[in-house]
Amino acid sequence: MTAPSPALPGVPGVPGVPDRPAVAVARKSGSSGRLRALDGLRLVAALMVALYHYGGRDGDVSRAWGASPRHEFPHLSAAFAYGCLGVQIFFVISGFVICMSGWGRPLRSFLASRTARLYPAYWTALVLVTLVFALPWVTYRTVSASDTLVNLSMLQQPVGAERVLGVCWTLWAEVRFYALFALCVVLPGATRHRVVLFCAVWTLMAVVTTASHVEFLRVVFMPEHAPFFIGGIGLYLLHRFGNDALSWGIVAVSFLLGQHYAVAGLWHPPNPHYFSYRSPYVIIAVLAVGYAAVTAVALGWARWANWRWLPFAGALTYPFYLVHEHLGWVVIGALHRGLGVPSYATFALTVALMLLLAWAVHRCVERRLAPVLRAALNGASAGGARRRGGGGGLH
């Protein structure tokens, strides 16, 4: 998930004046115009997910610890269980960034950028997990050879193949969002009117899908995820065109619907058989904080967060997100059960090692392969693709 950072020349849209795809508000968080605070938010969301995967649930991670995380982190495991909401915050950021990166861009360039951004690190993570899980002393096992090959396409979920990476279900949601946005906004050309209409129609179809219980509509319009992508788009409209009641309405409705789907999916009555109990009030509060943080970036309130290391942190987010879960289990088992490292030290060391691995993937794979792939898909030179760069939404 890296946020693209074009400078945004232009002036705010004015009621009654036709939209033009190239018009934008000049809101810069630094000399390069990069929204550096958004990079920091993306890494925070990724770390939230890591907290959940390492200490906020049972399952395979319990095998890594040798006991339930509730016993390893008796005072924090209940808080770690809310870390899964980092995914919803990712989706809000993705809506913002994809609207930004797709505005005024040809369809081919948009699709080339998305493909080059997603696949190199993804393929690398698949290979790493498959190879590590094949080691004789590792107790985890990856999927069949056939399903592994299907995973290379990133289309394993719709065809019913097992996933190599547990987190890749979010990529299937991202791909569907990219497809909808590309067909409805990028292909005809982005304008404020068209983007607002896209948000309105998608919101309507999402709630109709929930009411109709038609599986095809659920796959296409993904009502449980749509509000968060739409909320991010609404926040980008505020960033680009300034305060506007319609854009605020898009953000407000997306939050109201999004918190409903999040609570419905994550809340349950108190039950000792569940790993943890998530309060609906805390779920709503975490989402509200996530929305508020992206809103602060959109409105320029986070320009003070302009540290030079933030883009680097943002660059690590996507590879860290891909590798941290399954490879983290192996590291946790080796450190905690193999070497006897205390739980909290194991937790911190595992996160640090996964960030180091993410840096290696970014440096050795993404920076080398992504420009080449983007250039090939664009029909341009690799050098030109490197100069233009490219960003990501969730990833």
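Selection of the stretch 71-113 for residues being within 19 Å of Pro342 (Cα to Cα), of a type outside the set (Gly, Ala, Ser) and surrounded by 20 or more Cβ atoms within 10 Å (Cβ to Cβ) yields Glu72, Phe73, Phe80. In the stretch 301-312 there is no residue that is buried (at least 16 other Cβ atoms within 10 Å of the Cβ) and either in contact with a Leu (Cβ under 6 Å, 6 or more places away or on another chain) or modelled with pLDDT of 95 or more (or both). Looking across the stretch 139-167, the residues that are under 17 Å from Leu118 (Cα atoms), in contact (Cβ under 8 Å) with a residue 60 or more places away in the chain and not in a loop (DSSP other than H, G, I, E, B) come down to Gly166, Val167. Candidates in the stretch 151-206 are the residues that are within 22 Å of Leu128 (Cα to Cα) and hydroxyl-bearing (Ser, Thr, Tyr); of these, the one that is surrounded by the most Cβ atoms within 10 Å (Cβ to Cβ) is Thr170.
Here Thr139 clears all of (1) more than 20 Å from Phe177 (Cα to Cα); (2) crowded, with 18+ Cβ neighbours inside 10 Å; (3) of a type in the set (Ser, Thr, Tyr) except the condition numbered (2).
Exactly one residue out of Gly166, Gly95, Gly104, Gly160 is modelled with pLDDT of 95 or more and of a type in the set (Gly, Ala, Ser), and it is Gly95. One residue stands out in the stretch 53-66 among those that are part of a helix (DSSP H, G or I) and either polar (S, T, N, Q) or surrounded by fewer than 21 Cβ atoms within 10 Å (Cβ to Cβ) (or both): the one that is farthest from the chain's Cα centre (by Cα), namely Arg63.
Looking across Phe320, Phe347, one residue alone is out of contact with any Phe, Trp or Tyr (no Cβ under 8 Å at 6 or more places or on another chain), buried (at least 22 other Cβ atoms within 10 Å of the Cβ) and of a type in the set (Phe, Trp, Tyr). It is Phe320.
Scanning the stretch 373-384 for any residue that is part of a helix (DSSP H, G or I), in contact with a Phe, Trp or Tyr (Cβ under 8 Å, 6 or more places away or on another chain) and not aromatic (Phe, Trp, Tyr) turns up at least one such residue. Based on what the data block shows, is Trp329 over 19 Å from the mean Cα position of the chain (by Cα) and either aromatic (Phe, Trp, Tyr) or assigned to a helix (DSSP H, G or I) (or both)? Taking the combined requirement at face value, the residue satisfies it.
Residue pairs whose Cβ atoms lie under 6 Å apart, sitting 6 or more positions apart in sequence or on different chains, and linking a residue in the stretch 66-79 that is polar (S, T, N, Q) to a partner that is at pLDDT 90 or above and crowded, with 18+ Cβ neighbours inside 10 Å, are Ser77/Gly55; Ser77/Pro69; Ser77/Arg70.
The values are calculated or read from the model by the stated rules, or taken from the named source; none is laboratory data. Keep in mind that what you see is a predicted model, and the values were worked out from it rather than measured. Reconstructed Cβ throughout: ideal geometry from the backbone, glycine too, with neighbour counts over all protein chains shown.
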